[in-house]
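Below: the structure, in structure tokens.
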Amino acid sequence: MSLTTSEGYIRLAARLGEILRGRGMTLAVAESCTGGLLAHMVTDVPGSSDYFLGGVVAYANSVKREVLGVREETLDKYGAVSAETAREMAAGVRRLLGADVAVGITGIAGPGGGTPEKPVGLVYIGMSTPDGEMVERHEWDGDRWENKASSAERALAWLCEYLEGAGDG
């Protein structure tokens, strides 16, 4: 998915904002490979300060550990690009900023850095909610920008999907 205009993500970010505002909930983000792009998308919506608390760009493993609380054992055993790290990033930023929901994104945007086990375009998106933590795995096939944009846009969409389903029933 290529974002040649802001129209697609603005619609998603606005929908997310409406849902969060309607539920009286707050959001925090922890980003590695997206480098703050998700926070940018969220804050492109006027009034996002009503529900967006902030984010941490945790590019270095030391920041993942020391700021977000990702366990050393997790990084050693699974690596920075893993479902486990994404989950701990989301839980860590949710705890750190006191948010109701949080997302953590880690991956390999490219063009280099991939391996046969972890190819360029591999991204994990973690979500931490009052119901627990969950993770999605994606393998994008774009260039660096497209992989970052696809990851951030998917995080917006997944948050909307989760929140629209939360409390139904």
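Some points to look at:
- Met127 passes every criterion in (1) touching a residue at least 24 places away in the same chain (Cβ under 8 Å); (2) farther than 18 Å from Val56 by Cβ apart from (2).
- Note on the stretch 82-115: among residues that are in a loop (DSSP other than H, G, I, E, B) and of a type in the set (A, V, I, L, M, F, W, C), the one that is surrounded by the most Cβ atoms within 10 Å (Cβ to Cβ) is Ala109.
Residues checked against (1) farther than 21 Å from Leu159 by Cβ; (2) under 16 Å from the mean Cα position of the chain (by Cα); (3) of a type in the set (Lys, Arg):
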| site | (1), (2), (3) |
| --- | --- |
| Gly24 | no, no, no |
| Leu27 | no, yes, no |
| Val42 | no, yes, no |
| Val45 | no, no, no |
| Tyr59 | yes, yes, no |
| Gly79 | yes, no, no |
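- Qualifying residues in the stretch 1-43 (those that are acidic (Asp, Glu) and at pLDDT 95 or above) - the one surrounded by the fewest Cβ atoms within 10 Å (Cβ to Cβ): Glu18
- For first residues located in the stretch 130-153 and surrounded by 16 or more Cβ atoms within 10 Å (Cβ to Cβ), partners that are of a type in the set (D, E, K, R) and lie 6+ apart or on another chain with Cβ distances below 6 Å form the pairs Glu133/Arg87; Val135/Arg87.
- In the stretch 85-101, the residues that are closer than 12 Å to Gly132 by Cα and in contact (Cβ under 8 Å) with a residue 24 or more places away in the chain reach residues that are polar (S, T, N, Q) and buried (at least 24 other Cβ atoms within 10 Å of the Cβ) with C-beta atoms within less than 6 angstrom, at least six apart or across chains, in these pairs: Ala90/Ser128; Ala91/Ser128; Arg94/Ser128.
- Matching residues, the stretch 15-59, being under 19 Å from Gly165 (Cβ atoms) and part of a helix (DSSP H, G or I): Arg15, Leu16, Gly17, Glu18, Ile19, Leu20, Arg21, Gly22, Arg23
- Some residue of the stretch 57-75 being surrounded by 22 or more Cβ atoms within 10 Å (Cβ to Cβ) and aromatic (Phe, Trp, Tyr): no
The values are calculated or read from the model by the stated rules, or taken from the named source; none is laboratory data. Because the structure is predicted, anything quoted here is derived from the model rather than measured. Cβ: placed from backbone, ideal geometry, glycine included. Neighbour counts: every protein chain shown.
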